[in-house]
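Engineer: What follows is a structure written as structure tokens; I'll ask about it next.
The values are calculated or read from the model by the stated rules, or taken from the named source; none is laboratory data. These figures come from a predicted structure and were not determined experimentally. Note that each Cβ is placed from the backbone with ideal geometry, even for glycine, and that neighbours are counted across all protein chains shown.
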Amino acid sequence: MEGLKRIAISQMRSSTNISQNAETIRSHIQYAKENGALMAFFPENFNFLGRLGSSVQHAQPLNGPYMEYYKQLAREFSIWLSLGGFQESVPETAEKVFNSHIIINDSGEIIANYHKLHLFDVHVNETPLLESIAVKAGSEIHPPVDSPAGKLGLTICYDLRFPELYRNLALQGAQVLLVPAAFLEVTGRAHWEVLLRARAIENGCFVIASAQEGHHDCGRDSYGHSLAIDPWGTIIADGELGEKVLLVDIDLSLIEKTRRKLPTLSHVRSDVYYQRNK
């Protein structure tokens, strides 16, 4: 899996109009394929972005018509897809959804499904934002996934603030850390770039962060600035603002070269960090 790989990063302004979002996704996939991308990466809430809690009424299982449509697109264009932040129905309750990051291969098969671990329960504005009202947290780290773009580590948005998750994925062999997101404008402006670059640098991995951007019809504002970052922490692509597709060539050989210079993963002292005080 070493060498140069062309990928496509979709930056979207998703809305409450699922049909319109689906049309945008199809056009982005077509553009990616026509320009030689092996895999396309989409942001959190790609299928639906509405007010907090409204996603429950649009949740579907992975064998429902929404996901069947995206599986069909992967087959039609013979391209791998990373779909981060899908509202997946929870079998035991109709009151919550999983925030799911799904990988589909070029045959239209779901080969990975990660449920977001860390929920966005914060007080950055006057009104608290509580993702846990409508989302059930996941309980497992998904092992890294082999793909044409390298070995992928799956995360979603707010997970970015918990470096332990990314270190775990890197130690399991992840080469490319994925962060599909819908960062608020206020938190994105302050923290987005520095957190993403830190995750790349400390793990010697590529980071691919597909983002929502702009003012959405539900009233919220997303930061945009989808980023691709190399293992040295250098930004190699920035979506800034506006809906678009970024075409990025990533050289996986940079991972080994960077880790030879800074072999931080081999210096991890797990024997010390996680000891409980006696």
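Engineer: Go through region 194-215 and give me each residue that's more than 18 Å from residue 165 (Cα to Cα) and not hydroxyl-bearing (Ser, Thr, Tyr).
Structural biologist: Within region 194-215, 211, 212, 213, 214, 215 meet the criteria.
Engineer: Inspect all residues belonging to region 172-190 and state whether any of them is within 23 Å of residue 14 (Cβ to Cβ) and without any contact (Cβ under 8 Å) to a residue 12 or more places away in the chain.
Structural biologist: yes
Engineer: OK, next. Just one of (1) closer than 21 Å to residue 220 by Cβ; (2) out of contact with any Pro (no Cβ under 7 Å at 6 or more places or on another chain) trips up residue 138, so point out which.
Structural biologist: It fails just one condition, (1).
Engineer: Which of (1) in contact with an Asp or Glu (Cβ under 7 Å, 6 or more places away or on another chain); (2) in contact (Cβ under 8 Å) with a residue 60 or more places away in the chain; (3) buried (at least 21 other Cβ atoms within 10 Å of the Cβ); (4) not hydroxyl-bearing (Ser, Thr, Tyr) does residue 56 not meet, given it meets every other one?
Structural biologist: (3)
Engineer: For region 100-123, how many residues are of a type in the set (Ser, Thr, Tyr) and either crowded, with 18+ Cβ neighbours inside 10 Å or over 30 Å from residue 36 (Cα atoms) (or both)?
Structural biologist: The number of residues fulfilling the criteria is 2.
Engineer: Please note which strands (runs of 3 or more DSSP E) are completely contained in region 193-235 and include at least 1 residues that are under 17 Å from residue 170 (Cβ atoms) and without any contact (Cβ under 8 Å) to a residue 40 or more places away in the chain.
Structural biologist: In region 193-235, the matching strands (runs of 3 or more DSSP E) lie at 206-209, 227-229.
Engineer: Follow-up question, since we're still on this one. Name the residue that is farthest from residue 197 (Cα to Cα), counting only residues in region 158-177 that are among the small types (Gly, Ala, Ser) and outside any helix (DSSP H, G or I).
Structural biologist: Checking each candidate, the answer is 173.
Engineer: So, in region 13-45, of the ones that are touching a Leu at 6+ places or on another chain (Cβ under 6 Å) and part of a loop (DSSP other than H, G, I, E, B), which residue ends up nearest to residue 182 (Cα to Cα)?
Structural biologist: Checked region 13-45; the qualifying residue nearest to residue 182 (Cα to Cα) is 14.
Engineer: Search region 87-103 for residues that are in contact (Cβ under 8 Å) with a residue 60 or more places away in the chain and closer than 24 Å to residue 21 by Cα and pair each with any residue that is surrounded by 22 or more Cβ atoms within 10 Å (Cβ to Cβ) and among the charged types (D, E, K, R) when their beta-carbon atoms are under 8 Å apart and the residues are at least 6 apart or on different chains.
Structural biologist: 101/116
Engineer: Please determine whether any residue of region 92-113 is modelled with pLDDT under 95 and touching a strand residue (DSSP E or B) at 6+ places or on another chain (Cβ under 6 Å).
Structural biologist: No, every residue in region 92-113 fails to be modelled with pLDDT under 95 and touching a strand residue (DSSP E or B) at 6+ places or on another chain (Cβ under 6 Å).
Engineer: Restricting to region 1-12, name every residue that is more than 17 Å from the chain's Cα centre (by Cα), of a type in the set (A, V, I, L, M) and in a strand (DSSP E or B).
Structural biologist: Selection gives 4 alone.
Engineer: Let me ask you something else. Considering only residues of region 140-195 that are of a type in the set (S, T, N, Q) and in contact with a helix residue (DSSP H, G or I) (Cβ under 7 Å, 6 or more places away or on another chain), which is surrounded by the fewest Cβ atoms within 10 Å (Cβ to Cβ)?
Structural biologist: Ranking the candidates gives 175 first.
Engineer: Could I ask something else about it? Which members of region 13-31 meet the condition of being touching a Lys or Arg at 6+ places or on another chain (Cβ under 9 Å) and of a type outside the set (Val, Ile, Thr)?
Structural biologist: 28
Engineer: Among the residues of region 23-39 satisfying the criterion of being without any contact (Cβ under 8 Å) to a residue 60 or more places away in the chain and of a type in the set (A, V, I, L, M), which is nearest to residue 100 (Cα to Cα)?
Structural biologist: So the residue we want is 25.
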